[in-house]
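Structure, as structure tokens:
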Amino acid sequence: MTNRFEHMDCERIEEMLPAFVEHELVPKEASLVRAHVESCPRCGEALQAFTVMERSLVTRREEVPPFEAFLPPALAPSRWHPSIFVRSLRALTSVPGMAIVLVMWAGFLIARYSDRLTGGVLEKTTLDRMMAFAKRGIDAIVSAAGGDMTTLTAVYGALAIAVIVSAGALTMRFVRD
Amino acid sequence: MSNDQERDLVARAARGDARAFRALIATHHSTAYAVVRAILGPRRFDDVDDVMQLVYLKTYQGLAGFRGESKFSTWLYQIARREALDVVSKRTLESTSIDDVVIPARASDLPDTTLGESDMKQWIERAMGELDESYRTAIELRYMAEKSYEEIADLMRLPVGTVKTYVHRGKLELKRIMSRPAWREHKGAVS
């Protein structure tokens, strides 16, 4: 059984070839065009031409240069791309990074300089003098905990974990960009 | 990128957040570039960089006035189109060359399908310059910016069927242009 498309003139078939190559024709039209080009060398050659053209057009995406090249200077990203080491350093000097350091430092001070924990034995160093003010506050905290090492460790531990976890979350956001 | 994310980026960019602006442009760069390339055509390729810089500068400066009544992509498309058309209108027409001579294609002429990929790319680039600007814009958005027919219709504010007709007629026209005897004889000059 023949169909009307097999007898359509080649010009009409050729007009349908771009859509055929893009698979934009409905299945019935596509199969009719396919049947025609199989029996018509001229249209078969035209189909080949559109197929080659399609393959070439698809590669035009590669001709788009990076957008950064066209940005006004004030909006262009820095040409300097920090290494992972520098990014880590940046994280450390960020507010949450500093929080971690402070927590660790506070823990060290409590353990090292509290009169209640060390029995009042203090080493008189420059650092001790510098931290004299802080020491009074630390002693107040230790006293509040009743001088009990277990309670103090538990409170400090819980506080430290909370601060470090939230600082970590904030740091990740800070570093991501 | 969702509409909410885009609105957030637009708001931040309008407040001067360069990072947000870069994120917006990164998403829509291929659209702006395709439109500028389409309107300038291969003969004004040297102007593309200048126009693109102007487009992004105008986009940034105009963000404060962008009310979000249209999509950011549509707004950027319009800026890119306007700036490119402005340059085209300012440039004097180039002198007529062999490529400007329109010779009707014979029915028996077909593009040489044995051309290498690199040659075919150059032929298409040259032939694009002779296409109607609407056809060229639709084709560049389709292939260079990899947009769907629906997205192109949205940008060009045309029915989807019209956009498909532009792309398909554009390809038919490209084939006819490349089938001209003048082009076939001139083949050695492009490779």
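The values are calculated or read from the model by the stated rules, or taken from the named source; none is laboratory data. Predicted, not measured: the structure shown is a model, and the values here were computed from it. Cβ: placed from backbone, ideal geometry, glycine included. Neighbour counts: every protein chain shown.
Taken over segment B:48-69, residues that are surrounded by 15 or more Cβ atoms within 10 Å (Cβ to Cβ) and over 16 Å from B:Ser30 (Cβ atoms) amount to 7.
Return the residues of segment B:46-93 that are more than 14 Å from chain A (Cβ to nearest Cβ), of a type in the set (A, V, I, L, M) and not in a loop (DSSP other than H, G, I, E, B); say none if nothing qualifies. Once the filter is applied, which keeps residues that are more than 14 Å from chain A (Cβ to nearest Cβ), of a type in the set (A, V, I, L, M) and not in a loop (DSSP other than H, G, I, E, B), segment B:46-93 yields B:Ala64, B:Leu85, B:Val87, B:Val88. Considered as a group, the residues in segment B:1-25 that are out of contact with any helix residue (DSSP H, G or I) (no Cβ under 6 Å at 6 or more places or on another chain) and within 9 Å of another protein chain (Cβ to nearest Cβ) include one that is modelled with the highest pLDDT, and that residue is B:Arg22. Among the residues making up segment B:128-151, those that are away from chain A (no Cβ under 12 Å), in a helix (DSSP H, G or I) and farther than 11 Å from B:Ala38 by Cβ are B:Glu150, B:Glu151. Can you say whether B:Glu125 is assigned to a helix (DSSP H, G or I) and either within 14 Å of chain A (Cβ to nearest Cβ) or at pLDDT below 60 (or both), as far as the supplied structure shows? Spelling it out, B:Glu125 is indeed assigned to a helix (DSSP H, G or I) and either within 14 Å of chain A (Cβ to nearest Cβ) or at pLDDT below 60 (or both). Candidates B:Ser70, B:Ser95: the one that is more than 30 Å from A:Leu47 (Cβ to Cβ), modelled with pLDDT under 80 and not assigned by TED's automatic domain parsing to the domain that holds B:Ala138 is B:Ser95.
Condition check ((1) in the same structural domain as A:Ala162 (by TED's automatic domain parsing); (2) over 45 Å from the mean Cα position of the chain (by Cα); (3) modelled with pLDDT of 70 or more) across all residues:
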{"residue": "A:Phe108", "(1), (2), (3)": "yes, no, yes"}
{"residue": "A:Ser114", "(1), (2), (3)": "yes, no, no"}
{"residue": "A:Leu127", "(1), (2), (3)": "yes, no, no"}
{"residue": "A:Phe133", "(1), (2), (3)": "yes, no, yes"}
{"residue": "A:Ile138", "(1), (2), (3)": "yes, no, yes"}
{"residue": "A:Ile141", "(1), (2), (3)": "yes, no, yes"}
{"residue": "A:Gly146", "(1), (2), (3)": "yes, yes, yes"}
